[in-house]
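Written below as structure tokens is the structure these notes are about.
The values are calculated or read from the model by the stated rules, or taken from the named source; none is laboratory data. Predicted model only: the values in this text are computed from it and were never measured. Here the Cβ positions follow ideal geometry from the backbone for every residue, glycine too, while neighbour counts run over all protein chains shown.
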There are 2 protein chains.
Amino acid sequence: MYKNNTTRYVDQHLLTAIPTFSPDARAREVVSHLTDKKHNFESITYIYILEAKKLVGVISVKEILRAHAETKLSELMTKKLVAVHPHATAERAAITAIQHGIKAVPVTDRQGNFLGIVGTDTILRTLHHEHVEDLLKIGGIQIVEQKHILEMLGDKVSHLLRIRTPWLILGLGGGFIATLVASFFEHAIAQEIALAFFIPVIVYMSDAVGTQTQTLFIRALAVRKISLPRYLLKELAVDIALGLLLGIIIAGFGFVWGKGGVTVAAIVGIAMAINVVIAGAVAILISWILYYYKRDPAVGAGPFATVVQDILSLIVYFSVASLLL
Amino acid sequence: MYKNNTTRYVDQHLLTAIPTFSPDARAREVVSHLTDKKHNFESITYIYILEAKKLVGVISVKEILRAHAETKLSELMTKKLVAVHPHATAERAAITAIQHGIKAVPVTDRQGNFLGIVGTDTILRTLHHEHVEDLLKIGGIQIVEQKHILEMLGDKVSHLLRIRTPWLILGLGGGFIATLVASFFEHAIAQEIALAFFIPVIVYMSDAVGTQTQTLFIRALAVRKISLPRYLLKELAVDIALGLLLGIIIAGFGFVWGKGGVTVAAIVGIAMAINVVIAGAVAILISWILYYYKRDPAVGAGPFATVVQDILSLIVYFSVASLLL
């Protein structure tokens with residue numbers, strides 16, 4: 001629900017015909033209000049309690065119906081209030097609902113004035129939409145029309161080709177660059193052919209670490225506010241540990257296997273360790289830049305990031321090889 | 001929500017304290033029933049109309065409150081009924097709610113008897129849970145405890161290592177196999193070193209096509225019943241078209257670039273075309289087998305499938321090379 005999508009923000013989904021009462025109102029007044037035919041509420045899941053337009057409490061309609069007729073709303077209402085701003089994303093509202101176990105999320109302005117709610121329908125649709133959209137972006141599938149995102153799955157061959165070709169062509173372009181990078185180090189491969197055997201595992205592990213990092217990062221971005229330096233620092237700590245572990249294992253394998261001898265084993269191990277750390281950092285930076293420019297960071301977990309990781313991992317691998325050979 | 005998860009099925013989420021009425025009841029009876037303190041309904045979003053225990057209609061509580069007191073429910077109720085079986089997955093119920101724009105899904109047995117509903121809370125939680133779970137599985141991140149799936153994102157370095165290491169080690173194992181495959185064709189690489197330069201793009205494109213295929217397939221499996229032979233046939237048609245397109249482009253690049261000459265250009269083009277078709281077929285078969293054995297097919301879009309595609313693509317590539325050199 002990003003770019004070119006006017007339905008991204010909460011204010012596009014605001015339901016304003018919502019039952020609101022003062023804290024002094026009584027349960028029976030609410031019931032008679034709700035059953036009064038002249039109102040036409042858009043949602044009656046919750047009753048919102050306002051004081052001078054400010055949201056001060058919430059009661060579910062279920063609780064109202066169960067309450068004694070003369071009970072004051074101030075005694076029934078919960079004061080643990082959750083709200084989102086009108087410029088929050090619909091996804092933020094949906095996550096808020098999930099985190100607090102509520103079915104509709106009130107929207108308030110900076111002064112705490114009640115503006116309306118994001119209803120259950122919007123929350124359900126947003127959750128589903130974000131799920132499908134994340135998968136398609138990560139899978140490298142072009143999202144042609146937002147409105148068709150849910151129905152596009154049973155489509156014709158021609159349509160499938162149209163949504164699948166763009167990212168594949170881009171990937172192929174990235175693959176050409178990887179080919180040029182490898183050929184640039186032709187002398188190293190010619191000198192030690194065993195280097196070629198490790199290309200797939202070098203490239204694969206960078207992709208794997210990058211994808212993991214981005215998966216965790218885009219979920220974290222969706223769920224809460226993030227301090228980039230702190231997140232990056234923690235990620236680097238994880239990646240250094242992973243890099244050492246994976247580098248040692250693969251160097252050990254190279255050594256035991258024997259092709260290329262100690263030198264190739266050392267090259268592969270060192271390159272692996274460096275690549276894992278770079279992959280984590282690059283993964284976060286790509287997603288962060290997308291997020292910062294209000295693009296969907298999930299795109300960063302897709303083919304574009306993979307291609308970038310492929311190219312970087314080859315440059316590091318062959319540079320280490322050139323130094324140690 | 002697969003294996004080892006008792007909350008996968010609808011019958012684990014059934015709300016049974018739900019307002020039900022006969023078609024002859026009147027709107028005012030419902031209102032007085034709902035406001036009667038002795039009931040303790042778990043959900044009052046919808047009123048369900050039963051005839052001899054069978055579900056025959058639904059009315060939203062909003063419509064009931066708006067209706068004239070003496071209107072019969074049979075005049076208010078919608079007869080366009082949607083229901084799921086008690087052994088349907090919670091995900092199926094959630095998708096049903098999305099597809100029909102409803103907030104709770106009735107559950108009926110084979111005879112059409114009303115058993116209860118899957119409530120809004122369950123639907124919201126399921127949609128969110130499936131989203132996070134799909135991302136983690138595709139991203140190659142171990143899901144340690146189901147209940148922590150939503151909170152695991154802000155975790156300690158030690159915990160992050162624990163959830164990230166298993167799939168990386170598996171990937172590294174697959175990478176070793178890829179290394180062995182490549183070394184098995186050492187003579188081909190020694191004879192024509194340009195073959196090494198194309199390893200990254202060959203491996204990458206198989207992964208990219210496989211990931212696309214699985215992304216579309218696992219969503220299709222979630223949303224509707226699928227005939228495997230028909231789906232596979234359509235996928236093959238798409239993959240043959242993609243394979244020809246990508247094979248011709250890369251062969252053209254190889255030819256223009258000149259390294260390795262016409263032979264390498266032909267090898268790369270032919271291997272690419274074959275690999276794309278194999279990648280699509282393998283992607284679907286892996287996901288289908290997982291689905292058939294009641295595992296989550298999303299696992300099939302993760303690192304395991306990528307590693308399998310890597311290895312297969314190298315075997316095809318070097319086999320074609322060995323034949324044409």
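Restricted to segment A:69-115, and to residues there that are over 30 Å from the mean Cα position of the chain (by Cα) and of a type in the set (A, V, I, L, M, F, W, C), the residue that is surrounded by the most Cβ atoms within 10 Å (Cβ to Cβ) is A:L73. Sort out which residues of segment A:52-100 are free of Cβ contacts under 8 Å to residues at least 60 places away in the same chain, of a type outside the set (A, V, I, L, M) and part of a loop (DSSP other than H, G, I, E, B), and write them in order of number. Hits for segment A:52-100 are A:H68, A:E70, A:T71, A:K79, A:K80. Considering the conditions (1) at the interface with chain A (Cβ under 7 Å from one of its Cβ atoms); (2) touching a residue at least 60 places away in the same chain (Cβ under 8 Å); (3) under 20 Å from B:Y9 (Cα atoms), B:N113 is excluded by exactly one of them, (1).
Applying the criterion of being surrounded by 17 or more Cβ atoms within 10 Å (Cβ to Cβ) and not small (G, A, S) to the residues of segment A:52-62, the residue that is farthest from the other protein chains (Cβ to nearest Cβ) is A:V56.
Restricting attention to segment A:290-316, the residues that are under 25 Å from A:L168 (Cβ atoms) and over 13 Å from the mean Cα position of the chain (by Cα) add up to 14.
Every listed requirement among (1) facing chain B (nearest Cβ under 9 Å); (2) closer than 26 Å to A:I98 by Cβ; (3) modelled with pLDDT under 90; (4) touching a helix residue (DSSP H, G or I) at 6+ places or on another chain (Cβ under 6 Å) is met by A:L150 save one, (4). Taken together, the residues in segment A:39-51 that are without any contact (Cβ under 8 Å) to a residue 60 or more places away in the chain and either at positive phi or more than 10 Å from chain B (Cβ to nearest Cβ) (or both) amount to 3. With the structure loaded, tell me whether A:S183 is among the polar types (S, T, N, Q), without any contact (Cβ under 8 Å) to a residue 40 or more places away in the chain and within 9 Å of chain B (Cβ to nearest Cβ) or whether it fails that test. When the stated conditions are applied, A:S183 passes them.
Cβ-Cβ distances below 7 Å connect the following pairs, each with a first residue in segment A:219-235 that is of a type in the set (V, I, T), a second residue that is at pLDDT 80 or above, and a separation of six or more residues or different chains: A:V223/A:I95; A:I226/A:A220. All conditions but one from (1) facing another protein chain (nearest Cβ under 7 Å); (2) modelled with pLDDT of 95 or more; (3) surrounded by fewer than 24 Cβ atoms within 10 Å (Cβ to Cβ) apply to A:V256; the one that does not is (1). When the residues of segment A:70-99 are narrowed to those that are within 14 Å of another protein chain (Cβ to nearest Cβ) and not aliphatic (A, V, I, L, M), which ends up farthest from A:I117 (Cα to Cα)? Among residues in segment A:70-99 that are within 14 Å of another protein chain (Cβ to nearest Cβ) and not aliphatic (A, V, I, L, M), the one farthest from A:I117 (Cα to Cα) is A:E70. Of the listed requirements (1) closer than 24 Å to B:I141 by Cα; (2) surrounded by fewer than 17 Cβ atoms within 10 Å (Cβ to Cβ); (3) modelled with pLDDT of 95 or more; (4) not charged (D, E, K, R), A:M272 misses just one: (2).
Within segment A:168-180, the set of residues being more than 7 Å from chain B (Cβ to nearest Cβ) and farther than 17 Å from A:S313 by Cα comprises A:I169, A:L170. Residues in segment A:230-256 that are out of contact with any helix residue (DSSP H, G or I) (no Cβ under 8 Å at 6 or more places or on another chain) and either under 26 Å from A:I193 (Cβ atoms) or not assigned by TED's automatic domain parsing to the domain that holds A:E192 (or both): A:V256 alone. Scanning segment A:303-324 for residues that are over 15 Å from A:I284 (Cβ atoms) and either at pLDDT below 90 or in contact with a Pro (Cβ under 7 Å, 6 or more places away or on another chain) (or both) returns A:P303, A:D310, A:L314. If you check B:R28, B:R66 for being within 14 Å of A:I44 (Cβ to Cβ) and more than 35 Å from the chain's Cα centre (by Cα), only one passes: B:R66.
Could you check A:G247 against (1) within 12 Å of another protein chain (Cβ to nearest Cβ); (2) surrounded by fewer than 21 Cβ atoms within 10 Å (Cβ to Cβ) and say which number it fails? Here A:G247 meets the rest and fails (2).
Entry remark, segment B:126-147: residues being of a type in the set (S, T, N, Q) and at pLDDT below 85 number 2 in total. Screening segment B:24-38 for residues that are more than 10 Å from every other protein chain (Cβ to nearest Cβ) and aliphatic (A, V, I, L, M) and picking the one that is surrounded by the fewest Cβ atoms within 10 Å (Cβ to Cβ) gives B:A25.
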